[in-house]
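Read the structure below first, then the notes.
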Amino acid sequence: MAMVVLSLIVVLAASMIGSIQNIWKRTSARAEQFRAARQGLETVSARLTQATLNPYWVVTSTNGVPTRYERQSDLRFLALSGTAALVTSFAQPGSALFFQAPTGYSSSNATRLNAALNTWGYFVEYGPDTPYRPPFLATTNVPVNYRFRLIEFTDPSDTLQIFTYTSGSATYTGHDWYSSPLGVAANRRVLAENIVALVALPRLSSVEDSTGTALAPYYAYDSTSRSDPNSDPKLNPRHQLPPIVDLAVVTLDENSARRITWGITPPDFGASTSALFQQAVNMDADLETLRDNIEKKFKIPARVFRTSVAIPAARWSTEQTN
């Protein structure tokens, strides 16, 4: 009888230990994934604080007679949203950010160029992991891993293309300055996997705008013009940085993500997903809707991480009318 009881105790103890180990593994993996998501958000935030336009003033004239000063800049700050934010062929809710910062990264890993400018970009991409695999895995039979990923884009200082398009061309409003170098694989890297949405809302301080949506009511912001005709007509972002950018990411943990069937076409997170993040006034509700859609449809947890980033180089003014 003693042997039988002892055997039962050993079996129960082994079962409990196994269950505890499985719970610990799942919890640890989830914590690690969410830690990576937070770190990705912190990286975007830290880079945004370095954004600059380095504006200067020029005198405009009519028939040779000076009329007024106008702010100009050869640099750009761009926040895209909805279908305009696409950098792949698949629609995904959220935003894309592109701007310049004096970080001095060059195409040579061994060389830093002090405070030379770089173009930086952040967006969510869906696709295979093959473009981001190390060289020794390029020709192996490792299965292709399709996922949502938060991507960081850098245009190195020694190949920086922004001035190619903007120098001496005050009227340039195109997007070639980032879209061209974006096609170079070496300029892109994965910050975090399983980030299903990045949302960026440029705004004024609460003292200047209690609503938080007057500057970019539809999330869009372009430092070359009043790109959003629905914004407050008294505001003019021309050659100005937004004082604050609210950031949010929606993320899954890897163990939960594995329960979703991934393929060439991204999973459907719900019929209303494509309608999310269209109006800034609904940002809080849309974040919760996306999270709830994922949890209800796939029975997996999703997390939302948020922060607000103040851009020190912003010197906001509503006086410019050009």
Region 168-216, residues that are β-branched (V, I, T) and under 18 Å from V281 (Cβ atoms): V199, T211, T213
Between residues in region 33-51 that are crowded, with 17+ Cβ neighbours inside 10 Å and residues that are assigned to a helix (DSSP H, G or I), which pairs lie under 9 Å by C-beta distance while being six or more apart or on different chains? Q33/E254; Q33/N255; Q33/S256; Q33/A257
Does region 100-117 hold any residues that are at positive phi and either modelled with pLDDT of 90 or more or of a type in the set (V, I, T) (or both), and which are they? G104
So, of the residues in region 105-137 that are of a type in the set (A, V, I, L, M, F, W, C) and part of a helix (DSSP H, G or I), which turns out to be surrounded by the most Cβ atoms within 10 Å (Cβ to Cβ)? L137
Of all strands (runs of 3 or more DSSP E) fully inside region 138-208, the set with 2 or more residues that are within 25 Å of L41 (Cβ to Cβ), out of contact with any Lys or Arg (no Cβ under 8 Å at 6 or more places or on another chain) and hydrophobic (A, V, I, L, M, F, W, C) is 147-155, 195-203
Would you check if there is a residue in region 139-150 being under 22 Å from D286 (Cβ atoms), of a type in the set (A, V, I, L, M) and touching a residue at least 24 places away in the same chain (Cβ under 8 Å)? yes
When you scan region 47-90, how many residues do you find that are small (G, A, S), at pLDDT below 85, assigned to a loop (DSSP other than H, G, I, E, B) and within 17 Å of W177 (Cα to Cα)? 0
If we scan region 212-228, do we find a residue that is assigned to a helix (DSSP H, G or I), aromatic (F, W, Y) and in contact (Cβ under 8 Å) with a residue 12 or more places away in the chain? no
Out of all the residues in region 266-292, which are modelled with pLDDT under 90 and assigned to a helix (DSSP H, G or I)? T273, S274, A275
Are there any pairs with C-beta distances below 7 angstrom linking a residue in region 261-286 that is on the phi < 0 side of the Ramachandran plot to a residue that is assigned to a helix (DSSP H, G or I) and surrounded by fewer than 16 Cβ atoms within 10 Å (Cβ to Cβ), with the two at least 6 apart or on different chains, and if so which? F269/K297
Checking L247 against (1) outside any loop (DSSP other than H, G, I, E, B); (2) under 16 Å from T318 (Cα atoms), which test does it fail? (2)
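The values are calculated or read from the model by the stated rules, or taken from the named source; none is laboratory data. Computed from a prediction, not measured in an experiment: that's the story for all the values here. Backbone-built Cβ (ideal geometry, glycine too); neighbour counts: all protein chains shown.
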